[in-house]
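**Q** I have a structure here, written as structure tokens, and I will follow up with some questions on it.
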Amino acid sequence: MPLHTTEAIVIGGHNLGEADRIIPFFTRKLGKVRAVARGARRVRSRYGGTLELFTLGQLVFFESPNRTLHKINEFSVIEPFAELKADLGRLSRGAYLVELAGASIEEGESSEEIFLLLRDALTLLALHDDSRLLRSFEIRLLRIVGYLLELYHCLVCRSVLESIAEPAISPTRGGLVCSRCLSRAPDNLPISLESLGFLRSVLHGRLEQSLASPLSHPHLTSLQEVLRVCIAHFFGKRLRSVAFLSLVE
Ligand SMILES: [Zn+2]
């Protein structure tokens, strides 16, 4: 059985049998890894409380040949992100981030870029409960998985953004359409110039820059809906925690 060592984030967990836990991780080197923690629910478990949601650590596991469920050998905590469990708002937003990251790759795929995006987003969310982080995470994740929204030209007539009155985003066309071309993009969602400016400014560079990009509350709310529809279009389903998130935002 090959032994692997990689940085990993706990993205879920459920009980198995009398005393064990199955833990899904998003790992830096190997994508999503599901592994069993033997005896994790025993009082004197060697894992203690280390395998909780969001915890970043160094994972050592045995790869089971021809099986998707591996065996944890060791998990040493780097950062527990305890702040994310301190209130319902951050808990739900953090849960949304790990679910979206987990849904973005298939079993057997890996993406160090998504791992680093998730790690950075959880780090910042622990310090700043700010929904601009979620919007930045979403637009960046869409870019990484290959759904780069066009934010500069109308996708039908090629008008540039500066000359577009009442712009809209079409998820099926993959970005901007102008008011003259709306009939050729029936799924269009209105988007403000402020929201477009925000998306353009947070698409690249360091994630914490999104906290310095101004976007007032009404624009942030409408942008949330636009990105939610784009994500649902791209991923083909509404994620479970989106409903959960809408309860607290
Ligand atoms: Zn147009």
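The values are calculated or read from the model by the stated rules, or taken from the named source; none is laboratory data. All values derive from a computational prediction rather than experimental measurement. Counting neighbours? That spans all protein chains shown, and the Cβs are built from the backbone with ideal geometry, glycine included. The accessibility values were calculated without ligands, DNA or RNA, using every heavy atom of the protein model including side chains. Shrake-Rupley method; radii C 1.70, N 1.55, O 1.52, S 1.80 Å.
**Q** 5 Å is the cut-off here: which amide hydrogens, built 1.01 Å from N in the peptide plane, fall below it relative to N73, excluding neighbours closer than 5 in sequence?
**A** Amide H to amide H, under 5 Å and 5 or more residues apart or across chains, N73 pairs with V60, F61, F62.
**Q** Add +1 for every Lys or Arg and -1 for every Asp or Glu among the other residues with Cβ under 14 Å from the Cβ of G108, and state the total. Can you show the working numbers first?
**A** Details: positive: K29, K32, R34, R67; negative: E63, E106, E107, E109.
Charge balance in the 14 Å sphere: 0.
**Q** From the phi of every residue in segment 20-30, what ³J(HN,Hα) in whole Hz does the Karplus formula 6.51 cos²θ - 1.76 cosθ + 1.60 yield, where θ is phi - 60° and glycine or proline is x?
**A** Working through the residues one at a time gives 9, 10, 9, 10, x, 10, 9, 9, 6, 9, 10 Hz.
**Q** Based on the Cα coordinates of segment 130-248, what is the per residue volume of their convex hull in Å³? Spell out each step's value before the answer.
**A** Numbers: hull volume 12.7 nm³, N = 119.
Convex hull volume per residue, Cα atoms: 106 Å³.
**Q** Once the other residues with Cβ under 15 Å from the Cβ of L182 are scored (Lys, Arg +1; Asp, Glu -1), what is the net sum? If you can, show how the numbers build up before the last one.
**A** Numbers: positive: R173, R180, R184; negative: E166, D187.
Computed value for this residue: +1.
**Q** So what's the chain giving for Cα Rg divided by 2.2 N^0.38 Å, two decimals? List each step's numbers first, then the result.
**A** Values: Rg = 20.0 Å, N = 249, 2.2 N^0.38 = 17.9 Å.
Rounded to two decimals, the normalised Rg is 1.12.
**Q** With point charges of +1 on the Cβ of Lys and Arg and -1 on the Cβ of Asp and Glu, referenced to the Cα centre of the chain, which listed residue (I169, F54, P24) lies farthest in the positive direction of the dipole?
**A** Of the options given, the answer is P24.
**Q** Moving on to the next point. May I ask you to give the percent of accessible area on the chain that is carbon plus sulfur, with a probe radius of 1.4 Å? Intermediate values should be presented prior to the final figure.
**A** Details: 6170 of 11860 Å².
Summing carbon and sulfur atoms, their accessible area is 52 percent of the total for the chain.
**Q** Net charge around G13, counting only other residues with Cβ within less than 12 Å of its Cβ (Lys, Arg = +1; Asp, Glu = -1)? Each step should come with its number before you reach the end.
**A** Numbers: positive: R21, R34, R41; negative: D20, E52.
Around G13, the surrounding residues sum to +1.
**Q** Beta carbons within 10 angstrom, averaged per residue: use that to sort the peptides 78-91, 50-63, highest first.
**A** Values: 78-91: 16.0, 50-63: 19.4.
In decreasing order of mean packing, 78-91, 50-63 become 50-63, 78-91.
**Q** If you don't mind, another one. Quick one: which of 21-32, 217-228 comes out on top by average Cβ neighbours within 10 Å, and what's the full order, highest first? Walk me through the numbers before you get to the answer.
**A** Numbers: 21-32: 21.4, 217-228: 17.0.
Answer by packing, highest mean first, reads 21-32, 217-228.
**Q** Let me ask something additional. Pick out, from A212, S201, C181, the residue whose Cα sits farthest towards the positive end of the charge dipole of segment 169-222, with +1 on the Cβ of Lys and Arg and -1 on the Cβ of Asp and Glu.
**A** Farthest along the dipole direction, towards plus: C181.
**Q** Okay, next question. In nm, give the distance between the simple-model label positions of E194 and S222, each being 7 Å from the Cα along the Cα-to-Cβ direction.
**A** Taking the simple label geometry, E194 and S222 are separated by 0.9 nm.
**Q** Report, in debye and to the nearest 20, how large the dipole of the chain comes out about its Cα centre when Lys and Arg carry +1 and Asp and Glu carry -1 on their Cβ. Please report the intermediate quantities before stating the final value.
**A** Working: 30 positive and 27 negative charges, 114 e Å.
Using Cβ point charges on Lys, Arg, Asp and Glu, the chain gives about 540 debye.
**Q** Any idea how far apart K85 and E113 come out in nm if each label point goes 7 Å out from Cα toward Cβ?
**A** So the two model labels end up 3.3 nm from each other.
**Q** Right, another one. Farthest toward the dipole's positive end in the chain, which of V226, L125, A8, given Cβ charges of +1 (Lys, Arg) and -1 (Asp, Glu) about the Cα centre?
**A** Projecting each Cα onto the dipole axis, the largest value belongs to A8.
**Q** Under a 1.4 Å probe, what is the accessible area of the chain per residue, stated in Å²?
**A** It amounts to 48 Å² per residue over the chain.
**Q** Can you list the HN-Hα couplings for segment 46-59, worked out from phi with the Karplus curve (6.51, -1.76, 1.60; θ = phi - 60°), rounded to whole Hz and with x for Gly and Pro?
**A** 6, 7, x, x, 6, 9, 8, 3, 6, 4, 9, x, 9, 9
**Q** I need the peptides 93-99, 66-72 ranked by packing, meaning the mean over residues of other C-beta atoms within 10 angstrom, with the highest value on top. Walk me through the numbers before you get to the answer.
**A** Values: 93-99: 22.0, 66-72: 13.4.
Result, highest mean first: 93-99, 66-72.
**Q** List every residue whose amide H lies under 5 Å from the amide H of A185, counting only residues 5 or more places away in sequence or on a different chain, with H placed 1.01 Å from N in the peptide plane.
**A** Here nothing satisfies the definition.
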